[in-house]
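Scroll down for the structure; my scribbles are underneath it.
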Amino acid sequence: MKKLFDQVSLRCSRITTNAYSTSFSLGIKMLDKKFHSPIYSIYGFVRFADEIVDTFHDYDKKKLLTSFTKDTYQAIEERISLNPILQSFQLVVNKYNIDHQLIDAFFHSMELDLEQASYDKKSYDEYIYGSAEVVGLMCLQVFCEGDNQQYESLKSPAKSLGSAFQKINFLRDFNDDYQEMGRLYFPNVINIENFSETVKKEIEVDILNDFEVGFEGIERLPKAAKFGVYVAYIYYLSLFRKITQKSAAELLSARIRISNLRKLGLLFAAFIRLRLNLI
């Protein structure tokens, strides 16, 4: 039964999301139920591609990514895949008419992870667009449910929010990215010694600007999506505030985390703000 196969595929995407990201899973659970499976499907797809370039060190990553890319487009075109993650993703792409250029840009950034270890401003912006902003835009296409006017009006804040989240990820994972994969994402940080307090402060100001634009978009999201996105926003804002309290040297020696108990506290605070119509 095709329906059962689709259900199993969607379940695989949910399991993948829950296994890899407690914070993202929490945000999805706060969306309207109709958005759960589509957003799990997008995350599962993104996560598998990310795993190829980040963790499969004993394998030919380029070959695996090329194969995964080919399989993705084939699944979308044929509307079927025996890979459950790609099956659930193609269901979303075809149902919500996800722009294929967003998928192209995403795969381009994954390729950059295999080819590039440091970035200038142009390639940095290009990488963030493909690795984070387009993921936010895919989700936004789901949230807008075919309302192109609404989608166009929210594109800029959605990109800013995705950009802020990714830059915070870079700061949080700075040490791991450098020590394990030799990656330095921030522009003109050509070695670890270049990451000074001044550079860190400049990055933080940039993130604050992204947050400001992104929050304005959250306020205008459809009601069914607003709370879930806001939960993700306050989680990243809390993580960002914790990062700002650390020195550049501390970020090079330890990964900054938000405890599960703290996440529950943030969820409760977000719920209160929603009930008081503060978002």
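The values are calculated or read from the model by the stated rules, or taken from the named source; none is laboratory data. This is a predicted model, so every value here is computed, not measured. For neighbour counting, all protein chains shown are included, and Cβ atoms are generated from backbone atoms with ideal geometry for every residue, glycine included.
Restricting the stretch 81-99 to residues that are surrounded by fewer than 16 Cβ atoms within 10 Å (Cβ to Cβ) and in contact (Cβ under 8 Å) with a residue 40 or more places away in the chain, which is nearest to residue 127 (Cα to Cα)? Checking each candidate, the answer is 99.
Condition test on residue 102, is it over 30 Å from residue 34 (Cβ atoms), at pLDDT 95 or above, of a type outside the set (D, E, K, R) and surrounded by 16 or more Cβ atoms within 10 Å (Cβ to Cβ)? Judged against the criteria, residue 102 is not a match.
Looking at this structure, is residue 71 surrounded by fewer than 17 Cβ atoms within 10 Å (Cβ to Cβ) and in a helix (DSSP H, G or I)? Yes: the conditions hold for residue 71. Considering the stretch 181-211 alone, what residues qualify as being in contact with a Lys or Arg (Cβ under 6 Å, 6 or more places away or on another chain) and assigned to a helix (DSSP H, G or I)? Scanning the stretch 181-211 gives a single hit, 207. Pairs linking a residue in the stretch 109-123 that is in a helix (DSSP H, G or I) to a residue that is exposed (fewer than 15 other Cβ atoms within 10 Å of the Cβ) and modelled with pLDDT of 90 or more, with Cβ atoms under 6 Å and 6 or more positions apart or on different chains, are 114/62.
In the set 166, 179, 149, which member is free of Cβ contacts under 8 Å to residues at least 24 places away in the same chain and under 30 Å from residue 94 (Cβ atoms)?
149
At least 3 residues being surrounded by fewer than 18 Cβ atoms within 10 Å (Cβ to Cβ) and at pLDDT 90 or above is the threshold, and among the helices (runs of 4 or more DSSP H) wholly inside the stretch 219-279 those reaching it are 223-244. Looking at this structure, is residue 203 buried (at least 17 other Cβ atoms within 10 Å of the Cβ), within 20 Å of residue 159 (Cα to Cα), in contact with a Leu (Cβ under 8 Å, 6 or more places away or on another chain) and without any contact (Cβ under 8 Å) to a residue 60 or more places away in the chain? So residue 203 fits the description; yes.
Here the condition is being touching a helix residue (DSSP H, G or I) at 6+ places or on another chain (Cβ under 6 Å) and either among the small types (Gly, Ala, Ser) or surrounded by fewer than 18 Cβ atoms within 10 Å (Cβ to Cβ) (or both); of 109, 156, it holds for 109 alone. Residue-level check: of (1) loosely packed, with under 14 Cβ neighbours inside 10 Å; (2) of a type in the set (Asp, Glu); (3) within 17 Å of residue 139 (Cα to Cα), residue 77 misses just (3). Among the candidates 42, 15, the residue that is modelled with pLDDT of 95 or more, of a type in the set (A, V, I, L, M, F, W, C) and either part of a loop (DSSP other than H, G, I, E, B) or under 23 Å from residue 128 (Cβ atoms) (or both) is uniquely 42. Within the stretch 124-172, the set of residues being assigned to a helix (DSSP H, G or I), more than 12 Å from the chain's Cα centre (by Cα) and charged (D, E, K, R) comprises 125, 126, 152, 155, 172.
The single condition among (1) under 17 Å from residue 40 (Cβ atoms); (2) touching a Gly at 6+ places or on another chain (Cβ under 6 Å); (3) of a type in the set (A, V, I, L, M, F, W, C) that residue 117 does not satisfy is (1).
Conditions (1) in contact with a Pro (Cβ under 8 Å, 6 or more places away or on another chain); (2) of a type in the set (Lys, Arg); (3) in contact (Cβ under 8 Å) with a residue 40 or more places away in the chain; (4) crowded, with 20+ Cβ neighbours inside 10 Å, marked per residue:
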{"position": "23", "(1), (2), (3), (4)": "no, no, yes, no"}
{"position": "29", "(1), (2), (3), (4)": "no, yes, yes, no"}
{"position": "33", "(1), (2), (3), (4)": "no, yes, no, no"}
{"position": "36", "(1), (2), (3), (4)": "no, no, no, no"}
{"position": "40", "(1), (2), (3), (4)": "no, no, yes, yes"}
{"position": "48", "(1), (2), (3), (4)": "no, no, no, no"}
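Count of the stretch 53-69 residues, restricted to those that are closer than 23 Å to residue 137 by Cβ and either of a type in the set (Lys, Arg) or touching a residue at least 60 places away in the same chain (Cβ under 8 Å) (or both), is 2.
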